[in-house]
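The values are calculated or read from the model by the stated rules, or taken from the named source; none is laboratory data. Everything numeric here is computed off the predicted structure, so don't read it as measured data. Using ideal geometry, Cβ is built from the backbone for each residue, glycine included, and neighbour counts are taken over all protein chains shown. These area figures cover heavy atoms from the full protein model, side chains too; ligands, DNA and RNA do not enter into them. Shrake-Rupley method; radii C 1.70, N 1.55, O 1.52, S 1.80 Å.
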Amino acid sequence: MINVAIISGNQHIQKSLSLLVKTDPDLNIIKPEEIDVDKKVVLLVDTEIDDLEDCLRRFSGHVPIILYSHSKDFLDMSYLLNKYKVNFFNVYTKPECILNMIKEPFC
């Protein structure tokens, strides 16, 4: 079982991503404050949160992080992707690709 925590200030995004994650029986939704770095955890982070870089600094060395962007602009993300070695998807990414991306670090 892989635990997935979602960080977003947007309730719609949290609900949509939660519903997607719940479609896979190998994935479990947890609250960000329940993250245990000794377990299988993936963090989905909305790029629109106010303290994005603080969040990346805090967790990037401990758990796999996947950034979510509301737009299709990848160029703005390249700095963060390279600096923190995180993955990325946007609103146009196919749901099955997102689920595969979540599972990838533990395959």
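In the stretch 28-74, what residues are under 18 Å from Lys15 (Cβ atoms) and touching a Gly at 6+ places or on another chain (Cβ under 9 Å)? Residues satisfying the conditions are Asp46, Glu48, Ile49. Across the stretch 24-36, the qualifying residues are those that are part of a loop (DSSP other than H, G, I, E, B) and either at pLDDT 95 or above or open to solvent by 70 Å² or more (accessible area, probe 1.4 Å) (or both), and the one among them that is nearest to Ala5 (Cα to Cα) is Lys31.
Scanning the stretch 33-50 turns up at least one residue that is of a type in the set (Ser, Thr, Tyr) and touching a Ser or Thr at 6+ places or on another chain (Cβ under 6 Å). Within the stretch 5-23, track down each residue that is among the hydrophobic types (A, V, I, L, M, F, W, C) and surrounded by 15 or more Cβ atoms within 10 Å (Cβ to Cβ). Correct list: Ala5, Ile6, Ile7, Ile13, Leu17, Leu20, Val21.
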